[in-house]
1. Do we have any residue at all in segment A:383-393 that's away from chain B (no Cβ under 14 Å), open to solvent by 70 Å² or more (accessible area, probe 1.4 Å) and over 23 Å from the mean Cα position of the chain (by Cα)?
2. Can you tell me which residue in segment A:416-440 is farthest from A:Ala361 (Cα to Cα), limited to those that are within 11 Å of another protein chain (Cβ to nearest Cβ) and surrounded by fewer than 18 Cβ atoms within 10 Å (Cβ to Cβ)?
3. Restricting to segment A:414-435, name every residue that is closer than 25 Å to A:Leu387 by Cα and outside any helix (DSSP H, G or I).
4. Could you please give the count of residues in segment B:74-89 that are open to solvent by 20 Å² or more (accessible area, probe 1.4 Å), more than 8 Å from chain A (Cβ to nearest Cβ) and either part of a strand (DSSP E or B) or not polar (S, T, N, Q) (or both)?
5. Tell me, please, whether a residue that is loosely packed, with under 15 Cβ neighbours inside 10 Å, part of a helix (DSSP H, G or I) and not charged (D, E, K, R) can be found in segment B:158-175.
6. Quick one: would you say B:Thr58 is of a type outside the set (A, V, I, L, M, F, W, C) and closer than 27 Å to B:Ser229 by Cα?
7. Restricting attention to strands (runs of 3 or more DSSP E) lying wholly within segment A:239-352, give those where 2 or more residues are of a type in the set (A, V, I, L, M, F, W, C), free of Cβ contacts under 8 Å to residues at least 60 places away in the same chain and more than 24 Å from A:Leu180 (Cα to Cα).
8. Taking only pairs six or more apart or across chains, which ones have beta-carbon atoms under 7 Å, a first residue in segment A:47-70 that is touching a residue at least 12 places away in the same chain (Cβ under 8 Å) and in the same structural domain as A:His247 (by TED's automatic domain parsing), and a second residue that is open to solvent by 60 Å² or more (accessible area, probe 1.4 Å) and not in a loop (DSSP other than H, G, I, E, B)?
Amino acid sequence: MTNTDSLKPAERGFVEFWRAADGHVLNGRDPGLAAARRSAIERFAEVGLPPEKSEAWKYTNIRRLVEAWAGTDPVAEGPDPGPVDGLFLVPGDAWRVVMVNGRFDEARSALAGLPSGVTVASIAEGASSRPEVFARSFGATRPEGADGFVALNTAFAQSGLFVHVPRGTQLGRPIEILFLSGSERRGFVQPRVLFVADEGSSARIVENWRSFGEGAVFTNAVSEFLVARDAAVDHVRIVDEHASSVHVHYLQARQLGSSTFSTVSFVFGGGTVRSDAYLLPDAEHCETHLNGFYFARGSAQVDNHTLVDHARPNCESNELYKGILDGQATGVFNGKVLVRQDAQKTNAYQSNKSVVLSETARMFSKPELEIYADDVKCSHGATTGRLDDDAFFYLRARGIPPAKARLLLLQAFSGDVFETVRDEALRERLLARLEALLYA
Amino acid sequence: MLEIKNLHARIEESGTEILKGIDLVIRPGEVHAIMGPNGSGKSTLASVLAGREGYEVTDGSVTFDRKDLLELEPDERAREGLFLAFQYPVELPGVSMSNFLRQAVNSVRAHRGEDELSSVDFLRTMKEKAAYVQLDPSLKQRSVNEGFSGGEKKRNEIFQMAMLEPRLAILDETDSGLDIDALRIVADGVNRLRSRDRSFLVITHYQRLLNYIVPDFVHVLVGGRIVKSGGRELALHLEEQGYDWIREEAVGA
């Protein structure tokens, strides 16, 4: 194990906490998981947190934010969240999972009637009950490795969530995962999800991230998806946390042949919300949809980082991110589509559009296409602008008051991202949330 | 109903004065036409009356139903019963016609102390009024003006007017870009909406429209002033003679 003397204070603090907790709190009964944690903390000690002024973290000074949580116990359980019933977003029939500070809360979850063979459990339990699935999946979504945050998450993740949908199984209802993060003073939580959809299966997953309690919470979360041949996974992620929170999230998805993975994120609330999506269509004829909506006001910051890594031929990806910034908020979009040399006949589209409502809000957008194959169709683009004055006047000239006119235009602007939510009842809930945020 | 007194207005950005003292009184039920060459200030007058940004009124007054119109916000003017049919209707991608009209109609109704229309009544009214200007009822699912032809956009303006039932409608070059059939449809729609207590201000470059929407009064705007007023025969005269004789007369006077 690395000598901690050479580490910077922030990294050293984590390594020391890890050593103190090693063996009893973290590992459950599974030697494979223990080994993964050990190599993860070593990797974290080696790569550390992203350096200041790194290109990938240009606009979000994440080291300073982590340092503000120095000394916070990253394995503390935190307080009880109390009743959770009103917090779910998917109306009607759904399987419900509650995660409190990264721990699977089985008592609060409702999983009756899951088809046989489907596993929804903590990662520690999944690792021992489905060792062959765990061994081929855990940490397998990003072969080239991510930055230090993912390693940190692997080293510390508390129980986490393991979902396995076996071959040919269609989950008729969505699974909503309610992630509650809270503390009395300061919390540092590292939820982890491993989702494995085997050949020909299908599933809908909704991640619903919420805060509770008075304290400020730093979340470092990782959601991994393995989508096997002919499987279809539909994923919606909503972040609606307190303004004091910092939320760093890694979505990593690896797709096999002829599979479909659709993901859309909605950022409605949070202090700093950094989302890093890495999508790897790793076999032919994959279909990938990556969409996002972000709203930020006050001094909030929303930073979306995406990489669609086309490594194989005949795949298609569509990416659309849209956002609204008000107050002194900052938005960042850094989206890259990489088409490797073997990925002939790739169709890849990317677009980012933002509306800035105030003089002081800012948007930094950097769409990137990097193409090494010669027979592909790709496009990308980004625009940032204000609300259209002519459109605004047109609505007002029909008697519509300014706040309502603004709402109509912003709803129209955002509409196509919300349209990607296939569950109509959920979409209505999300649109209602948007309206509440914009029409206060 | 509308009383414009000595109205002066300039473009805010450049400071160029466009309206140089307009006087006009419109009584309930009257149709007034304003004609004039390009650049005479016709569209500026429409914009100032509707409350578009970018213009500054430097002198004069406008009262609408005894209220100071210039003090009102654009949406307040509309709720008070003023309607502007735009020369260039704006496309609103993602805003459906039905949502747009529902918001507009209900804003106006609430202001008049009327209840919101039920969905059934609203859709029935939409269907009925769309027929005034031969618009396809399936338009309710479409985005406002998006992908509409030039003629459809103009018909859509009149359709909106029919839905909102204004007290005073200003038609800003509604005839521009219309072929003769579309012009007839638009004019029929307008004529259907004429009533004893609804007035119109029809702004046009050509008298052609006035063959179909027959005005009670015709005013000629040149250089930011009304230089001549008369009955509909004045429009016919302008059609034959052009604007030059009026310019000369105005200079001579």
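The values are calculated or read from the model by the stated rules, or taken from the named source; none is laboratory data. All of these numbers come straight from a predicted model, not from anything done at the bench. Ideal geometry is used to build each Cβ from the backbone, glycine not excepted, and the neighbour counts take in all protein chains shown. Keep in mind that these areas ignore ligands, DNA and RNA; they rest on the heavy atoms of the full protein, side chains included. Shrake-Rupley method; radii C 1.70, N 1.55, O 1.52, S 1.80 Å.
1. Checking segment A:383-393: at least one residue is away from chain B (no Cβ under 14 Å), open to solvent by 70 Å² or more (accessible area, probe 1.4 Å) and over 23 Å from the mean Cα position of the chain (by Cα).
2. Here the answer is A:Glu419.
3. A:Thr420, A:Val421 - these are the residues of segment A:414-435 that are closer than 25 Å to A:Leu387 by Cα and outside any helix (DSSP H, G or I).
4. Residues that pass the stated criteria total 3.
5. Quick first cut of segment B:158-175, residues loosely packed, with under 15 Cβ neighbours inside 10 Å only: none.
Checked segment B:158-175: no residue is loosely packed, with under 15 Cβ neighbours inside 10 Å, part of a helix (DSSP H, G or I) and not charged (D, E, K, R).
6. Working: of a type outside the set (A, V, I, L, M, F, W, C): yes; closer than 27 Å to B:Ser229 by Cα: yes.
Yes.
7. It comes to A:301-310, A:330-339.
8. Once the first residue is touching a residue at least 12 places away in the same chain (Cβ under 8 Å) and in the same structural domain as A:His247 (by TED's automatic domain parsing) and sits in segment A:47-70, its partners that are open to solvent by 60 Å² or more (accessible area, probe 1.4 Å) and not in a loop (DSSP other than H, G, I, E, B) give A:Trp69/A:Arg186; A:Ala70/A:Pro9.
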